[in-house]
Amino acid sequence: VEITAKLAPDRLRGLKETGSAVMLDAAPDGNEGFGAFCFQYFPDTEDALRVHSNIREPQDNGRLAPGLHVEKSPDADRRFLRCIVETVTRFLDSQELTLADIAVVLPPQAPSPFIDELATALEIDPGKCVDVSRPDGDLYTSSLPYAFDAVRGAEGRVAPGDLGLVINVASGIEVGCAIYHF
């Protein structure tokens with residue numbers, strides 16, 4: 001939700017207000033679910049994306065306005081791409097996998113053309129990347145559940161035994177990757 005919608009409508013984040021949940025359970029045969037994880041921090045890029053909470057002075061109603069403040073540098077996407085490629089390469093090497101072993105990539109859900117640029121940077125077919133980004137707002141923390149729904153739902157993009165590569169980026173910049181066994 002846009003927590004500042006009523007108290008500070010001039011400081012909206014641009015979120016698509018939605019709800020989502022991911023239910024995790026043990027697979028009957030034990031062959032499905034998250035496998036390896038990798039996190040890599042890039043301190044030289046910490047100014048590319050800064051996210052913090054803040055409190056704004058009271059408005060007409062006299063209430064403090066809490067908010068999520070996001071500062072993104074103009075070249076942040078280019079820097080994200082470099083960090084993602086480095087992390088993915090290192091991670092897949094450590095797992096003795098290549099991008100050819102990956103059936104589907106669940107990337108950060110940034111507005112276009114980021115996902116296509118990521119596919120180009122990773123040298124993969126853009127159709128391998130799940131794109132659930134919305135022109136009417138950022139899915140933010142619901143991006144991953146929406147991406148999983150897209151690959152497991154009506155599209156039928158994965159089959160039992162397929163591998164997925166989950167990628168996300170946090171402020172700092174920190175890149176996280178995970179292998180998902182479908």
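Please list, by residue number, everything in segment 133-163 whose backbone N is under 19 Å from a paramagnetic label point 7 Å out along Cα→Cβ of residue 31.
Hits in segment 133-163 for residue 31 at 19 Å: 152, 157-163.
What part of the accessible area of segment 70-154, given as a whole %, is carbon or sulfur when the probe is 1.4 angstrom?
Answer for segment 70-154 is 50 percent, counting heavy atoms of protein chains only.
Obtain the nm distance between the two label points defined at residue 55 and residue 21 by a simple spin-label model: each point lies 7 Å from its Cα along the Cα-to-C-beta direction.
Taking the two extended label points, one gets 3.2 nm.
Ordering 79, 152, 157 from largest to smallest accessible area (1.4 angstrom probe), what's the sequence?
152, 157, 79
Can you compute 3J(HN,Hα) from phi for each residue in segment 41-51, using the Karplus curve 6.51 cos²θ - 1.76 cosθ + 1.60 with θ = phi - 60°, rounded to whole Hz and x for Gly and Pro?
In residue order, the calculated couplings are 9, 10, x, 6, 10, 4, 7, 5, 8, 10, 10 Hz.
Estimate the FRET efficiency between residue 181 and residue 39 by the formula 1/(1 + (r/R0)^6), using the beta-carbon distance for r and 30 Å for R0, to the nearest 0.05.
It comes to 0.95.
Could you check the spin-label model distance between residue 124 and residue 100? Points 7 Å from the Cα along Cα→Cβ, value in nm.
It is 1.5 nm.
For segment 128-182, rounded, prolate or oblate, judged on the Cα gyration tensor with a ≥ b ≥ c (square roots of eigenvalues), a/c < 1.5 rounded, else prolate if a/b > b/c? Write down the numbers at each step before the final one.
Values: a/c = 2.82, a/b = 1.27, b/c = 2.23.
Because a/c hits 1.5 or more and a/b fails to exceed b/c, segment 128-182 counts as oblate.
Just to confirm, what accessible area per residue do you get for segment 80-182 at 1.4 Å probe, in whole Å²?
Value returned for segment 80-182: 46 Å² of accessible area per residue.
The values are calculated or read from the model by the stated rules, or taken from the named source; none is laboratory data. It should be emphasised that the depicted structure is a prediction, and the values quoted were computed from it without experimental measurement. Heads up, the Cβs are rebuilt from the backbone with ideal geometry, glycines too, and the neighbour counts pull from every protein chain shown. To get the accessible areas, we keep the full protein, side chains included, count just its heavy atoms, and leave off ligands, DNA and RNA. Shrake-Rupley method; radii C 1.70, N 1.55, O 1.52, S 1.80 Å.
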